[in-house]
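The values are calculated or read from the model by the stated rules, or taken from the named source; none is laboratory data. All figures in this text were calculated on a predicted structure; none of them were measured in a lab. Note that each Cβ is placed from the backbone with ideal geometry, even for glycine, and that neighbours are counted across all protein chains shown. Quick note on the areas: whole protein, heavy atoms, side chains included, nothing else; ligands and nucleic acids left out. Shrake-Rupley method; radii C 1.70, N 1.55, O 1.52, S 1.80 Å.
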Amino acid sequence: DGAAEQTRRWEETALLAAMPATEFDVSGLYEEHALRAAVVKPLADMCVSVIASNFKHRPTLRGIPTRYIHRVTELLPTTLALEVTAPLIDDEAYWKRCALSRWDNCQITDHGSSWKRLFFERNLADFLEDFDPVKTDTEVLMQTLAISKDYCFSLRLKQFLSHLDMEMIFQNLPTLCNLDMTYGVKQIGMEYERSLFGMKLNDISSLSRALKVTETLSILSLPCNLLDDSSVRILASGMQENYTLTSLDLSHNKIADRGVKALAKLLDDRSVLISLNLADNHVHADGGKYMGRALKLNSSLRSLNLRLNRLGDEGCRMLLDGMLENSSLAQLNLSSNALESRAAQTAAGIISSNKSLRSLDLSCNLLNEEAGRLLQEAMESNNSLSFIDLRLNQLPADAVAAIEARCKKNVASGKQIGGAKEIAAA
């Protein structure tokens, strides 16, 4: 027996030596794979595959246990018709696949942290930006609005060549809360025409009518639309009976004093407007006077931006005079308005007495050494201002440093007070 065993080992050794170095004995693996292939897939997996492959013709998720719905939707193609998928599929993973298959840059935080909302808001924005009533049937427009109406809360348009009636848009988007529109032309190249840019009278009139009836819109942004005083007066007429709008952005337009006067009338004791942005317009001293009068009576506005206007020293002074009697405004931006010593004196009075102001931007003005001394003295008794921008003025460095140090101290003390309140509440 020992000799036979020795002979068998020699034969195995010889056989292995004769095999090429890159070859292996795989005779046993085939049977293992064949055995696995012969095992029938679980019935649940087979049902999931069948439902997914036939979803286009028989779209339904009714009766499917919740734990299997995700497995069905992950097999569905992203090209299915929206009228089929919109009411049936809420799985965020599916809408994430749909969004990423169309757009490279998807900021979900801009769309309520919902992939489904992101997809429908961007899909509708793309459709409206490219819509041409000559080439596309209006029925397609109405169908797209109907599909999107339950999922669109925010709409951002960088061009709107069709100039559709905004009242019709609002009626078909009953959940719209945020509207950001610029009547421009993307990628115009060498085909520039002045008439393609900006809101027309009909656009402003239809938006004004829509503002009278909307019950959901809270944020309206109309930057870079060539709006002038006449346009703003029409727009303001639609806002007189509106009590939903809390944020209004009219920056980078051509609004002057008469337009500001119309807006100032909206800031009465019934106003709910919290933020008003009029940066980069044509507002002069009279506009500052009108806004200052409004601030004396208003108790809703928290943020006012008048950066890059032409208020001058007198206009800034009159606006700041209104701030002396205001107890609600927390952020004020008067950057690049040629503000000088008289306005700085009024600003110092506000800093020393106002308890609501948290942020003040006076950068890029004409403040001199005397203005710096006044502001520094006022900050010594201020416990609320946490940020003040004094860059690009003619102020001494030591005064600016002392003011900034006081702001940092206010921030630190504010955190301590907030922590103490939390402990007391607990």
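Counting the residues of segment 170-210 that are modelled with pLDDT of 95 or more, in contact with a strand residue (DSSP E or B) (Cβ under 8 Å, 6 or more places away or on another chain) and among the aliphatic types (A, V, I, L, M) gives 5. Applying the selection to segment 215-230, what residues are under 17 Å from Leu266 (Cβ atoms) and either among the charged types (D, E, K, R) or open to solvent by less than 20 Å² (accessible area, probe 1.4 Å) (or both)? Across segment 215-230, the qualifying residues are Leu217, Leu220, Ser221, Leu222, Leu227, Asp229. In the set (1) closer than 24 Å to His111 by Cβ; (2) modelled with pLDDT of 95 or more; (3) out of contact with any Phe, Trp or Tyr (no Cβ under 8 Å at 6 or more places or on another chain), the condition left unmet by Glu129 is number (3). If we keep just the residues of segment 373-384 that are in contact with a helix residue (DSSP H, G or I) (Cβ under 6 Å, 6 or more places away or on another chain) and either open to solvent by less than 40 Å² (accessible area, probe 1.4 Å) or modelled with pLDDT of 95 or more (or both), which is farthest from Ser336 (Cα to Cα)? The extreme case among them is Asn382. The set of residues in segment 44-65 that are part of a helix (DSSP H, G or I) and open to solvent by less than 60 Å² (accessible area, probe 1.4 Å) comprises Ala44, Asp45, Val48, Ser49, Ile51, Ala52. When residues in segment 143-160 are screened for being more than 7 Å from Glu121 (Cβ to Cβ), of a type outside the set (Phe, Trp, Tyr) and in contact with a strand residue (DSSP E or B) (Cβ under 7 Å, 6 or more places away or on another chain), 4 of them pass. Which of the residues spanning segment 66-93 are closer than 23 Å to Leu124 by Cα and not in a loop (DSSP other than H, G, I, E, B)? Scanning segment 66-93 gives Thr73, Leu82, Glu83, Val84, Thr85, Ala86, Pro87, Leu88, Glu92, Ala93. Answer yes if at least one residue in segment 200-209 is under 20 Å from the mean Cα position of the chain (by Cα), within 29 Å of Asp286 (Cα to Cα) and open to solvent by less than 70 Å² (accessible area, probe 1.4 Å), and no otherwise. Among the residues of segment 200-209, not one is under 20 Å from the mean Cα position of the chain (by Cα), within 29 Å of Asp286 (Cα to Cα) and open to solvent by less than 70 Å² (accessible area, probe 1.4 Å), which makes the answer no. When residues in segment 66-92 are screened for being within 19 Å of Cys152 (Cα to Cα) and open to solvent by 50 Å² or more (accessible area, probe 1.4 Å), 5 of them pass. Close contacts from segment 111-128, counting a first residue that is open to solvent by 50 Å² or more (accessible area, probe 1.4 Å) and a second that is assigned to a helix (DSSP H, G or I) and not aromatic (Phe, Trp, Tyr), with Cβ to Cβ under 8 Å and a gap of 6+ residues or different chains, come to Arg117/His111; Arg122/Ala99; Arg122/Arg102; Arg122/His111.
Within segment 236-279, the set of residues being touching a strand residue (DSSP E or B) at 6+ places or on another chain (Cβ under 6 Å) and of a type in the set (Gly, Ala, Ser) comprises Ser247, Ser251, Ser275, Ala279. Here the condition is being among the polar types (S, T, N, Q) and more than 25 Å from Lys186 (Cβ to Cβ); of Thr85, Thr138, Thr109, it holds for Thr85 alone.
Residues in segment 183-194 that are closer than 17 Å to Asn253 by Cβ and either surrounded by fewer than 10 Cβ atoms within 10 Å (Cβ to Cβ) or among the small types (Gly, Ala, Ser) (or both): Gly184, Arg194. Under the condition of being in a loop (DSSP other than H, G, I, E, B) and buried (at least 21 other Cβ atoms within 10 Å of the Cβ), the residues counted in segment 274-292 number 3.
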